[in-house]
Amino acid sequence: MSTAPVVLDNVSKWFGDTVALSDVSYELFPGVTGLLGHNGAGKSTTLSLMAGWTSPSQGTVRVLGRDPRAEPKVHEGLGVVPDSEGLWPFLTARQTVELLASQRGVAAAGAAAKAALERVGLTEAADRKVAGFSKGMRQRVKLAQALAHDPAVLLLDEPLNGLDPAQRRADVELIRRLGAEGRTVLVSSHILTEVERMASRLLVVVNGRLVAEGTAEGIRDLMTDRPRTVRISTDDARRLGGLLLADGVVHAVELEGEELTVETAQAVALATRLPVLAREAGLWLRRVEPVGEDLESVFAALTSAARGVGR
């Protein structure tokens, strides 16, 4: 049996005729993993299964070697930031975090709450009632309560929602540090550029199925044959564009001064033939750069490719 902190083995979950997850298997290890998917892809269902809020229709889920649905003791080592509010508006931030820490068996709940609130930047607001907090501040209260008992596993569902740009940057760095400390952190989000900054490993789910996993670079490599756009700076853009079209490695060319933008479905062939054609023609290549090669574009392509997969 796997000793990974989190294990999903052939997990499916359906609600009536709707399949939320279909035969999903993977393991999570210490560090930050990003769980990416469009709305309705199955991200929140996945976190609910790991948190023990629901049971799989088939397959098994194990967190720290336990069934999170059947063994509540798992929550001593598990912290969860849900996407829903789930806070008591009549309590202060300090009371909220201290209460939840004591429920998880933390002996010095007051000290733990103080440390957690300081870590998420809420020390000055700790004794204000949650009712008066902005959405971003409530998100930080949820993160503080998830950290107060020093969990080994953290499940974060859209943790950056409602944060301003400065808060987002700070929380991205905090989540990275949490993973670097040896915790197993799963971050569910659709804000892909930020997930890429946080996570060393990515999981992509579309229509309840796992369609890709690995590093951001590895996922891009999976998409080698998808249409790509490349911008090229040279001393004779018109001539080079004609050569590329004649060679068949691009299917569209747009000229702008000494630059041309080409579209290709043969990225590897273009990378191979471009320097050869330029050398044979005596042309200089000043710059060659891909356009739209961030994780957002890769995710869009993966999503588009998997749209036909059944729910």
Original post:
Which one of these does residue 259 not meet: (1) surrounded by 13 or more Cβ atoms within 10 Å (Cβ to Cβ); (2) closer than 26 Å to residue 192 by Cβ?
Top reply: (2)
**OP:** Go through region 192-205 and give me each residue that's surrounded by fewer than 20 Cβ atoms within 10 Å (Cβ to Cβ) and in a loop (DSSP other than H, G, I, E, B).
**Re:** 200
Subject >> Residue match in region 24-43 (condition: closer than 23 Å to residue 182 by Cβ, modelled with pLDDT of 90 or more and charged (D, E, K, R)) >> reply: yes
Subject >> Filter result for residue 87 (farther than 16 Å from residue 183 by Cβ and either assigned by TED's automatic domain parsing to the domain that holds residue 152 or under 23 Å from the mean Cα position of the chain (by Cα) (or both)) >> reply: yes
**OP:** Starting from residues that are in contact with a helix residue (DSSP H, G or I) (Cβ under 7 Å, 6 or more places away or on another chain) and in a strand (DSSP E or B), keep the ones in region 52-77 and report whichever is nearest to residue 159 (Cα to Cα).
**Re:** 63
Original post:
Looking at (1) surrounded by fewer than 15 Cβ atoms within 10 Å (Cβ to Cβ); (2) out of contact with any Phe, Trp or Tyr (no Cβ under 8 Å at 6 or more places or on another chain), can you tell me which one residue 157 breaks?
Top reply: (1)
**OP:** Consider residue 177 carefully, then state whether it is basic (Lys, Arg), part of a helix (DSSP H, G or I) and surrounded by fewer than 19 Cβ atoms within 10 Å (Cβ to Cβ).
**Re:** yes
**OP:** Determine whether region 68-78 contains at least one residue that is touching a strand residue (DSSP E or B) at 6+ places or on another chain (Cβ under 6 Å) and among the aliphatic types (A, V, I, L, M).
**Re:** yes
Original post:
Could you count how many residues in region 112-142 are more than 16 Å from residue 166 (Cβ to Cβ) and assigned to a helix (DSSP H, G or I)?
Top reply: 14
Subject >> Top-ranked residue of region 180-190 - restricted to ones that are hydrophobic (A, V, I, L, M, F, W, C) and within 17 Å of residue 47 (Cα to Cα), ranked as surrounded by the fewest Cβ atoms within 10 Å (Cβ to Cβ) >> reply: 186
Original post:
Since residue 231 meets every condition but one in (1) touching a residue at least 60 places away in the same chain (Cβ under 8 Å); (2) surrounded by fewer than 17 Cβ atoms within 10 Å (Cβ to Cβ); (3) under 16 Å from residue 32 (Cβ atoms), which condition does it not meet?
Top reply: (3)
**OP:** Restricting attention to region 221-272, report how many residues are out of contact with any Phe, Trp or Tyr (no Cβ under 6 Å at 6 or more places or on another chain), at pLDDT 90 or above, charged (D, E, K, R) and not in a helix (DSSP H, G or I).
**Re:** 5
Subject >> Where a residue in region 34-45 is assigned by TED's automatic domain parsing to the domain that holds residue 156 and its partner, wherever it lies, is in a helix (DSSP H, G or I) and hydroxyl-bearing (Ser, Thr, Tyr), with Cβ under 7 Å and at least six apart >> reply: 35/46; 38/303
Subject >> Hits in region 78-106 - residues which are in a helix (DSSP H, G or I) and either more than 22 Å from residue 160 (Cα to Cα) or charged (D, E, K, R) (or both) >> reply: 94, 95, 98, 99, 101, 102, 103
Original post:
Of the residues 96, 123, which single one is buried (at least 19 other Cβ atoms within 10 Å of the Cβ), within 25 Å of residue 173 (Cβ to Cβ) and modelled with pLDDT of 90 or more?
Top reply: 96
Subject >> Qualifying positions in region 34-53 - surrounded by fewer than 17 Cβ atoms within 10 Å (Cβ to Cβ) and farther than 15 Å from residue 204 by Cβ >> reply: 53
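The values are calculated or read from the model by the stated rules, or taken from the named source; none is laboratory data. Only a predicted model underlies this, so the values are computations on that prediction, with no experimental measurement involved. Please note: Cβ atoms are built from the backbone with ideal geometry, for glycine as well, and neighbour counts cover all protein chains shown.
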